[in-house]
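Only one structure is covered here, and it is reproduced in the block below.
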Amino acid sequence: MYLTNVFKKGNIIIVTHKAIKSVLKPFLLFVALFAFAVAAYSAATSAKADSSDPSYSSVYNEAKKHMGSRYVFGAVGPTNFDCSGFTKYVYKKSIKKTIPRTAQAQYNGTKKVSKSTVQKGDLVYFGGSKHSISHVGMYIGNGRMIDSQNRGVVTENVYSPWWHVVGFSRPTTLSYDD
């Protein structure tokens, strides 16, 4: 059926408009379907990547494993911790996220969030000012945190009278099961 529109004159092949049109339509349909398939695959792959985001429950469960561990200045785990050694260890062990070593460096090196947008898994900082951070803990919701301090790894109220909250930061985006 296409050949009726293709002629050979000597060494020259003549293709009529009708022949091109009849071949072009199926080709364009194929290209459109291929593009749709690629877009669908890309969307599925992206959704799969989103579902493998690090989860808060992984971070929290790792932190909970160390409840009662002793506080030792300069310790980074796995049995003894100082405050920033604890947050650094928990993030690295649970979701392979490396954060800076000291509380001040963690504050300086992570994305700040406001009190109104703080989420579970964010870090909460204490001290005299943003230039003198002296303590860090991990926010676990309802105004509470898990941290390593002189009583060891404990959960406590972020707004206890002996703490002066300087700010919050988000080392990474976490997914939430609830």
- Qualifying positions in segment 71-103 - in a helix (DSSP H, G or I) and either under 17 Å from ARG151 (Cβ atoms) or hydrophobic (A, V, I, L, M, F, W, C) (or both): CYS83, SER84, GLY85, PHE86, THR87, VAL90, ILE95, ALA103
- Note on the structure: All-but-one check, ASP82 against (1) under 18 Å from ARG170 (Cβ atoms); (2) buried (at least 22 other Cβ atoms within 10 Å of the Cβ); (3) acidic (Asp, Glu), failing number (1)
- Task: Kindly list the number of the only condition in (1) modelled with pLDDT of 95 or more; (2) more than 26 Å from GLY167 (Cβ to Cβ); (3) in contact with a Ser or Thr (Cβ under 6 Å, 6 or more places away or on another chain) that fails for PHE86.
- Result: (2)
- Item | Scan of segment 110-129 for residues that are surrounded by 14 or more Cβ atoms within 10 Å (Cβ to Cβ) and of a type in the set (Gly, Ala, Ser), ordered by number | GLY121, GLY127
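The values are calculated or read from the model by the stated rules, or taken from the named source; none is laboratory data. Remember, predicted model here, so these are calculated numbers, not experimental data. We place every Cβ from the backbone using ideal geometry, glycine too, and count neighbours over all the protein chains shown.
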